[in-house]
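Colleague: Before I ask anything, here is the structure I am working with.
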Protein chains: 2
Amino acid sequence: MRFLIVGGSDAGISAALRARELDQNAEITVLLADDFPNYSICGLPFYLSGEAPDWKSLAHRTEFDGITIHRGQTATGIDVIEKTVSAAAEDKKIVTHPYDKLLIGTGASPVTPHIDGLNLPGVFPLHTMKHSFAIHEYLDSAKPRRAVIVGAGYIGLEMADALAHRGIAVTIASRTPSVLPTVEPAFGEAVAKELERHDVAVFTSVEAHAISRAEDHLHVFGSGGFEQDCEMVLVAVGVKPNVELGVAAGLKTGTKGALLVDRRMATAIPDVYAAGDCVETWHRLLHRYTYLPLGTTAHKQGRSAGENAVGGNREFGGSMGTQVVKIFDLVVARTGLRQDEALREGFSAYTTENTSFDHKAYYPGANQVRIRVTGDGKTGRLLGAQILGSWGAEISKRIDIFATALFHEMKVDGLGDLDLSYTPPLSSPWDPVQMAAHNWSVALNSEQMETTCRK
Amino acid sequence: MRFLIVGGSDAGISAALRARELDQNAEITVLLADDFPNYSICGLPFYLSGEAPDWKSLAHRTEFDGITIHRGQTATGIDVIEKTVSAAAEDKKIVTHPYDKLLIGTGASPVTPHIDGLNLPGVFPLHTMKHSFAIHEYLDSAKPRRAVIVGAGYIGLEMADALAHRGIAVTIASRTPSVLPTVEPAFGEAVAKELERHDVAVFTSVEAHAISRAEDHLHVFGSGGFEQDCEMVLVAVGVKPNVELGVAAGLKTGTKGALLVDRRMATAIPDVYAAGDCVETWHRLLHRYTYLPLGTTAHKQGRSAGENAVGGNREFGGSMGTQVVKIFDLVVARTGLRQDEALREGFSAYTTENTSFDHKAYYPGANQVRIRVTGDGKTGRLLGAQILGSWGAEISKRIDIFATALFHEMKVDGLGDLDLSYTPPLSSPWDPVQMAAHNWSVALNSEQMETTCRK
């Protein structure tokens with residue numbers, strides 16, 4: 001059984017490893033467009049900050065027993081009748097690979113916004129090792145003193161942290177009214193403060209229009225009179241799925257142009273699976289497909305695809321949009337739906353915020369944690385949560401308690417029944433997660449009582 | 001409605017607060033034997049270590065709006081017909097308190113082992129504020145240079161850390177073959193190493209027999225020729241439920257002599273509830289009662305009792321024995337059943353251990369985390385987990401992912417479907433929890449395949 005995988009990032013490698021694990025006889029081949037299998041895209045900001053100085057460390061393994069990896073082969077076409085994939089090698093020669101089962105894991109590419117001057121030297125996207133080498137080389141040779149980052153999502157903010165870490169004066173220009181729009185504005189504002197505390201200038205509701213070159217620097221123009229001189233511009237305004245290969249083979253696309261797949265990660269073409277940033281993502285709460293390109297999701301989808309390719313029957317469990325980011329000393333995490341998302345989906349959404357210490361205040365190093373809980377006011381069901389607090393306050397694994405609760409469709413009130421761990425240096429007898437849940441229930445009750453009284 | 005609560009520690013205060021929250025008209029009264037409402041027993045080691053120098057900080061609140069607290073009143077009897085509780089005030093006068101609903105939250109007391117010389121000056125138990133004041137006073141006045149701690153459970157080990165923090169040479173004498181017997185010996189050994197790394201001498205399988213007084217020091221004798229000079233002995237070998245008040249009123253006791261209650265925390269006497277360290281604890285996995293005196297449990301039981309006392313109908317969700325402890329720079333956590341416990345309960349228990357980094361190795365500060373997963377080899381059901389790693393590696397909230405999974409009777413294999421958070425400074429695309437779960441499944445499969453082949 002020949003299992004051919006196009007793409008050697010999260011989805012592709014996870015699929016290969018899972019297939020290898022389950023089927024000792026499968027011939028597993030990965031076609032890799034570049035030279036970097038299993039690389040951590042999420043790690044690029046830390047390579048560029050200097051915190052992970054050796055780019056080789058971004059992949060802890062690049063060779064896998066029993067998995068053939070062809071580097072520098074860009075897949076150019078799928079013959080779904082003959083069951084072959086043609087690929088252009090680096091010398092432009094076309095190679096043909098037969099398959100019994102195929103996985104398309106072609107990933108995503110940075111969205112190119114409508115900004116004049118994107119091709120000027122010193123202007124970069126960041127999504128691949130190649131991009132990061134170009135940026136690294138530029139940082140070393142041109143020694144930029146000032147950088148403008150267009151976009152205030154995860155990558156934009158991590159790069160603000162990274163470049164500030166290198167002593168570069170950073171300005172962020174965000175199209176959205178608050179930074180990190182995946183969390184509610186109340187938290188976005190706290191993130192902006194953290195950025196400013198580290199001398200990053202933050203401009204929101206700014207649409208970047210043009211970049212021009214002056215003598216020895218770049219000039220960025222944007223809406224509302226935004227103007228900023230710099231020696232470097234980083235554009236990080238999201239990604240779009242790489243679907244050309246799949247579409248040319250006859251596959252249909254859906255949300256944001258991503259490939260359609262079922263929950264087993266099978267496409268409409270027999271024996272062809274697709275996974276990762278190139279496909280639509282089943283959303284566990286919404287019970288429909290969305291586009292949520294995340295490494296965690298790609299790994300899970302790839303693992304399901306790999307299992308199914310060798311005869312298994314595993315559904316992807318679904319995403320709940322769980323995400324976390326560290327920006328300087330702050331960690332912000334979310335899972336499920338925000339208030340606005342939940343309202344849009346027709347829930348009787350109700351959101352409260354609670355502040356408590358991450359551990360007992362009498363034990364040194366206690367820090368305040370802000371937790372926003374969104375639930376359905378009618379059914380009491382938990383819909384989502386967001387947490388903001390300092391690095392070291394176990395924010396990331398606290399959001400995972402909510403994520404696990406959401407997975408099981410718990411009610412907000414039920415969180416208080418969870419037997420969570422406690423010791424004074426690490427929590428309270430009611431974990432902050434539970435205090436926030438209790439607070440939601442009490443606030444909802446008193447609101448409902450007031451409403452009843454007013455009637 | 002008069003809601004009377006005997007005991008103002010975790011269960012009592014939680015009950016009072018919940019009743020207050022739900023019923024604005026209830027008259028809520030707490031009888032407190034000592035002078036310290038709402039005190040964190042779990043915090044005593046940190047007060048004694050000097051890390052929380054002000055004992056007053058161990059209770060963040062001692063007054064509660066709408067809750068009457070009578071200090072220094074020890075309940076002496078319940079008249080279940082007249083519905084009154086008599087209490088001895090500090091001047092020995094007997095006061096009588098009427099109730100409509102009563103909660104017994106009398107807690108637990110340290111077990112007194114059979115050791116000669118326990119009443120010598122310099123020998124202490126540790127369970128109440130009074131004990132900790134006595135120890136504090138002794139530390140200040142006698143300035144002990146050497147201490148022996150009898151018992152290697154949570155309190156014993158936290159006190160070893162605390163006294164070492166003060167520069168005292170500590171020796172632990174543990175009756176069990178490994179320290180921290182609530183986790184498996186493999187982890188107990190790692191804890192012993194951490195203790196020894198901080199110059200704490202650890203003796204296991206030692207039964208302390210006698211303490212005697214020499215001129216200016218104490219002498220502790222134990223089995224296997226154990227002998228140790230010191231200026232201070234701390235005895236921490238567990239607790240027993242305080243049930244005299246309840247038993248005198250006619251209540252029955254069960255496991256380890258704790259009061260019988262139903263899952264609503266009601267006793268067999270009408271309108272009398274009981275909660276906290278004085279009662280049996282419903283175990284969610286075992287579907288039967290056990291004795292697991294923990295602050296987290298006491299809070300939850302108290303909250304249920306308080307809700308039911310004012311007309312609610314809330315069951316205690318059950319304990320899974322989730323616990324965590326920090327010892328020097330190490331954190332050890334557990335939830336559910338260990339291999340030996342699961343076998344004893346009739347499960348086809350299977351346990352594996354997996355080691356991974358707490359976050360991406362390329363990001364600074366990555367530390368190894370050891371995770372032991374116990375599941376049922378026949379059904380695949382998750383039964384328990386233990387985690388050991390460094391302080392700061394989010395061990396505590398990682399065990400809570402397992403605890404939340406156990407709450408929902410997940411299979412080990414299902415953990416891989418959880419949408420957990422990831423960013424390189426805080427985790428991996430597969431969280432260590434998920435890597436450990438995957439490892440369990442793979443190891444089980446290959447073991448089962450081997451077994452099949454051998455057949």
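The values are calculated or read from the model by the stated rules, or taken from the named source; none is laboratory data. Just so you know, these numbers come straight off a predicted model, no measurement behind them. No Cβ is skipped: glycine too gets one built from the backbone with ideal geometry, and neighbour counts run over all protein chains shown. For the accessible areas, the whole protein counts, side chains as well, though only heavy atoms, and no ligand, DNA or RNA atoms are used. Shrake-Rupley method; radii C 1.70, N 1.55, O 1.52, S 1.80 Å.
Colleague: Determine whether region B:301-324 contains at least one residue that is within 12 Å of chain A (Cβ to nearest Cβ) and touching a Pro at 6+ places or on another chain (Cβ under 8 Å).
Modeller: Within region B:301-324, none of the residues are within 12 Å of chain A (Cβ to nearest Cβ) and touching a Pro at 6+ places or on another chain (Cβ under 8 Å).
Colleague: Can you name every residue in region A:215-231 that is aromatic (Phe, Trp, Tyr) and open to solvent by 30 Å² or more (accessible area, probe 1.4 Å)? Lay out the reasoning, then the answer.
Modeller: Pass one, region A:215-231, residues aromatic (Phe, Trp, Tyr): A:221, A:226.
Listed by number, the list holds a single entry, A:221.
Colleague: Can you tell me which of (1) part of a loop (DSSP other than H, G, I, E, B); (2) touching a strand residue (DSSP E or B) at 6+ places or on another chain (Cβ under 9 Å) is the one residue B:334 doesn't meet?
Modeller: (1)
Colleague: Specify the residue that is nearest to residue B:302 (Cα to Cα); the eligible residues are those in region B:246-272 that are hydrophobic (A, V, I, L, M, F, W, C) and more than 20 Å from the chain's Cα centre (by Cα). Please lay out each step first, then the result.
Modeller: Within region B:246-272, the subset hydrophobic (A, V, I, L, M, F, W, C) is B:247-249, B:251, B:258-261, B:265-266, B:268-269, B:272.
From the residues that got through so far, the ones that are more than 20 Å from the chain's Cα centre (by Cα) too are B:247-249, B:251, B:266, B:268-269, B:272.
Working: B:247: 19, B:248: 22, B:249: 20, B:251: 18, B:266: 11, B:268: 17, B:269: 17, B:272: 13 Å.
By that ranking, first place goes to B:266.
Colleague: Which numbered condition trips up residue B:276, out of (1) open to solvent by 20 Å² or more (accessible area, probe 1.4 Å); (2) under 13 Å from the mean Cα position of the chain (by Cα)?
Modeller: Failed condition: (1).
So that you can scan it fast, the table gives a plain yes or no per residue for (1) more than 19 Å from residue A:296 (Cα to Cα); (2) within 9 Å of another protein chain (Cβ to nearest Cβ); (3) part of a helix (DSSP H, G or I):
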| residue | (1), (2), (3) |
| --- | --- |
| A:355 | yes, no, no |
| A:375 | yes, no, no |
| A:378 | yes, no, no |
| A:385 | no, no, no |
| A:398 | no, yes, yes |
| A:404 | no, yes, yes |
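Colleague: So, one more: Just to verify a result, which residue in region A:357-373, among those that are within 14 Å of chain B (Cβ to nearest Cβ) and part of a strand (DSSP E or B), is farthest from residue B:59 (Cα to Cα)?
Modeller: Quick first cut of region A:357-373, residues within 14 Å of chain B (Cβ to nearest Cβ) only: A:357-369, A:371.
Those left that are additionally part of a strand (DSSP E or B): A:357, A:368-369, A:371.
Values: A:357: 14, A:368: 18, A:369: 20, A:371: 23 Å.
Among them, the one singled out is A:371.
Residues are listed down the side, and each one gets a yes or a no for (1) out of contact with any helix residue (DSSP H, G or I) (no Cβ under 7 Å at 6 or more places or on another chain); (2) buried (at least 24 other Cβ atoms within 10 Å of the Cβ):
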| residue | (1), (2) |
| --- | --- |
| A:379 | yes, no |
| A:383 | no, yes |
| A:387 | no, yes |
| A:394 | no, yes |
| A:400 | no, yes |
| A:404 | no, yes |
| A:409 | yes, no |
| A:413 | no, no |
| A:418 | no, yes |
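Colleague: Restricting region B:301-319 to residues that are touching a residue at least 60 places away in the same chain (Cβ under 8 Å) and in contact with a strand residue (DSSP E or B) (Cβ under 8 Å, 6 or more places away or on another chain), which is most open to solvent (accessible area, probe 1.4 Å)?
Modeller: The selected residue is B:310.
Colleague: Identify the residue in region B:120-140 that is assigned to a helix (DSSP H, G or I) and open to solvent by 50 Å² or more (accessible area, probe 1.4 Å) and, among all such residues, is modelled with the lowest pLDDT.
Modeller: Among those residues, the one meeting the criterion is B:130.
Colleague: Collect the residues in region A:172-207 that are in contact (Cβ under 8 Å) with a residue 60 or more places away in the chain and open to solvent by less than 70 Å² (accessible area, probe 1.4 Å), keeping them in residue-number order. If you could, list the steps in order and put the result at the bottom.
Modeller: Taking region A:172-207 as the starting set, the residues that turn out to be in contact (Cβ under 8 Å) with a residue 60 or more places away in the chain are A:175, A:180, A:182-184, A:186-187, A:190-191, A:194-195, A:197-198.
Correct list: A:180, A:182, A:183, A:184, A:186, A:187, A:190, A:191, A:194, A:195, A:198.
Colleague: Could you look through region B:280-298, keep only residues that are in contact (Cβ under 8 Å) with a residue 40 or more places away in the chain and open to solvent by less than 20 Å² (accessible area, probe 1.4 Å), and pick out the one that is nearest to residue B:21 (Cα to Cα)?
Modeller: From region B:280-298, those in contact (Cβ under 8 Å) with a residue 40 or more places away in the chain are B:284-286, B:291, B:293, B:295, B:298; that's our starting set.
Subsequent filtering for residues that are open to solvent by less than 20 Å² (accessible area, probe 1.4 Å) retains B:285, B:295, B:298.
Values: B:285: 30, B:295: 21, B:298: 18 Å.
It comes out as B:298.
Colleague: Please state which one of B:350, B:422 is crowded, with 22+ Cβ neighbours inside 10 Å and touching a Pro at 6+ places or on another chain (Cβ under 8 Å). Outline the logic, then answer.
Modeller: On the way: B:350 fails: touching a Pro at 6+ places or on another chain (Cβ under 8 Å).
Every option except B:422 fails the conditions.
Colleague: Please determine whether any residue of region A:43-52 is touching a Leu at 6+ places or on another chain (Cβ under 8 Å) and free of Cβ contacts under 8 Å to residues at least 40 places away in the same chain.
Modeller: yes
Colleague: Identify all residues within region A:429-455 that are open to solvent by 10 Å² or more (accessible area, probe 1.4 Å), part of a loop (DSSP other than H, G, I, E, B) and modelled with pLDDT of 95 or more; write none if there are none.
Modeller: First, the residues of region A:429-455 that are open to solvent by 10 Å² or more (accessible area, probe 1.4 Å): A:429-430, A:435, A:438-439, A:441-455.
Pick out the ones that are also part of a loop (DSSP other than H, G, I, E, B) and you get A:429-430, A:455.
Across region A:429-455, the qualifying residues are A:429, A:430.
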